[in-house]
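What follows is a short report on a single structure.
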Amino acid sequence: MSRELAAKTCLPCRGGVPPMPLEEARRLLARLSGWELNGKGHLEKTYPFEGFRPGLEFVRRVGEMAEEQGHHPDVFLAWGKVTLEVWTHKIDGLAESDFIFAAKADCLL
């Protein structure tokens with residue numbers, strides 16, 4: 001089901017719209033694997049890696065995709081793991097593009 005989301009393109013948010021309602025966010029979250037809503041209401045996932053370099057390569061691919069999509073996550077790289085935190089900054093909440101980005105990130109593995 002996340003492949004359907006991954007096939008879409010992130011749309012830029014210009015602000016001035018309300019964040020996605022929680023019930024809609026939960027519906028879309030169910031279509032993703034391993035992602036959760038963190039305490040700030042943002043999408044978050046930690047990917048495990050064997051060592052530092054594989055995580056670094058994943059971060060590079062995520063960064064390239066973020067530039068292509070015009071949608072930029074917070075990225076946390078450490079030995080053996082990468083955590084992505086995704087939300088729409090202009091509305092300080094979630095929009096469909098956040099879920100699209102999450103699905104696309106999963107496809108980069």
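The values are calculated or read from the model by the stated rules, or taken from the named source; none is laboratory data. Nothing here was measured: the structure is a model prediction, and the numbers come from that model. Cβ: placed from backbone, ideal geometry, glycine included. Neighbour counts: every protein chain shown. SASA here: full protein model, heavy atoms, side chains in, ligands and nucleic acids out. Shrake-Rupley method; radii C 1.70, N 1.55, O 1.52, S 1.80 Å.
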- 3J(HN,Hα) from dihedral phi, segment 30-44, Karplus parametrisation 6.51/-1.76/1.60, rounded to Hz, x for glycine, proline: 5, 8, 9, 10, x, 8, 9, 8, 7, x, 9, x, 9, 6, 8
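Assign unit charges at the C-beta atoms only (+1 for Lys and Arg, -1 for Asp and Glu), then state the dipole size of the chain relative to its Cα centre in Debye, rounded to the nearest 20. Please list the in-between numbers first.
Numbers: 14 positive and 16 negative charges, 18 e Å.
That gives a dipole near 80 debye.
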- Here the relative contact order (percent) of the chain, from C-alpha pairs under 8 Å and at least 6 apart, is 41
- Item | Per residue value of the accessible surface for segment 41-109 (all protein chains in place, 1.4 Å probe), Å² | 48
- Message: Probe radius 1.4 Å, ligands and nucleic acids ignored: give me the carbon and sulfur share of the accessible area of the chain as a rounded percent.
- Response: 53
- Query: What's the angle, to the nearest 10 degrees (0 to 90), between helix 96-107's Cα axis and the longest principal axis of the chain?
  - Reply: 20
